[in-house]
Amino acid sequence: MRINYIYVIGIMIIAVFAMSAAKADLFEVDYNISINSPSNSPNLVVQVLKYEPYPVNAGDWFDVWVTVQNNGQADAKNVSFELQPEYPFYSNDSLVRNYGVILGTLNAYSAGMKGDANEVVLKYRVKTADNAPDGTSDLKFGFKTDTNSIETIGTLPIVIGKTKTDFDVVLQDLTSQGLSFAISNSGSNDASAVTITLKSQDSLIISGPQSTIIGNLAKGDFTTVTFEAVPGKGVHNVTLKVDYTDVVGVRNSIEKTVTLPANLNYPANYSAAGNSAGTNGFKNGSSTIPFYVYLVAGLVLGIVVTFGYNKLRKKRQA
């Protein structure tokens, strides 16, 4: 049995194109097409080029890039585009974009023209609702031209998921070493490369590093971290920033405000922050004598030693 390799190759090419078309997240719209002469009309193809982050989280902003390509031979003239966000999407971006002409394939590939002259790329800033459902939601997108006054509406599929997590932060203790906090991953996803930062504020003296890397924190796990910091007795809360990488590799930041209890038990060697310059808020414990007393004593001792040495030298010379 002889195999016609030309037919086999042709079938393989058709299958490849079919698979590629099935995978594309696009909608294609033909307008003003004459059935007898379709090659003389423009043909616009609209596609989501990408959006970041992927997937989108409920309550977050994301950027979406949309490509519009004229695959027809004729030019598309006076084209206007409009993003039409509806629940669960919102945008305060410039939603209407006007373009004079999107070249057809004949003019786009003419002498001196670039191959991408028959397409435009649009970028929009969009926000998802706080209660947006998981899964794919459609973002509406429309356009019209001078040859078609009726707006053509299509949808851009956007995947909404839950990739972030959350944290609970509580004050664990106030010791002579500083403030200790317990941090737990209270969300529904793991977190990696977690960093805790104690933010600066008035009446909070920080004498050590402000940031600590605690590494990975799986959901439900907790750890503790201590900062060499002293709150003044007028400080009622402190703010910490939690930076982490979510399950899709996106870096996120969350700020947590921890309220200090009104009956906070300060350690016995605690000295209210700010009472004297140069103190870190705790008494040393080795001595409570001011520095200038040591200075005066040193000077007096030096004078006595010098006087005694000179007197002894004169006595030996005599």
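Just so it is clear, none of the values below were taken in a lab; they were calculated from the coordinates. Just so you know, these numbers come straight off a predicted model, no measurement behind them. Here Cβ is always computed from backbone atoms with ideal geometry, including for glycine, and neighbour counts include all displayed protein chains.
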Practice problem: Please give the net charge around THR197, taking every other residue with its beta carbon less than 9 angstrom from that of THR197, where Lys and Arg add +1 and Asp and Glu add -1. | Solution: +1
Practice problem: Just subtract the alpha-carbon distance of ASP202 and GLN84 from 0.36 nm times their residue separation and send over the number in nm, one decimal. | Solution: 37.9 nm
Quiz item: Classify the stretch 167-259: rounded, prolate or oblate, from the alpha-carbon gyration tensor (a ≥ b ≥ c, eigenvalue square roots; a/c under 1.5 rounded; otherwise prolate if a/b is larger than b/c)?
Solution: prolate
Practice problem: Kindly flag which residue pairs out of LYS164/LYS199; LYS164/LYS256; LYS127/LYS241; LYS50/LYS219; LYS140/LYS256 have an alpha-carbon separation exceeding 27 Å in this structure. | Solution: LYS50/LYS219; LYS140/LYS256
Quiz item: Using 1/(1 + (r/R0)^6) with R0 = 30 angstrom and r between the beta carbons of LYS233 and ILE254, what's the FRET efficiency to the nearest 0.05?
Solution: 0.60
Exercise. For an R0 of 41 angstrom, estimate the FRET efficiency from the Cβ-Cβ distance between ASN107 and SER188 and round to the nearest 0.05.
Key: 0.20
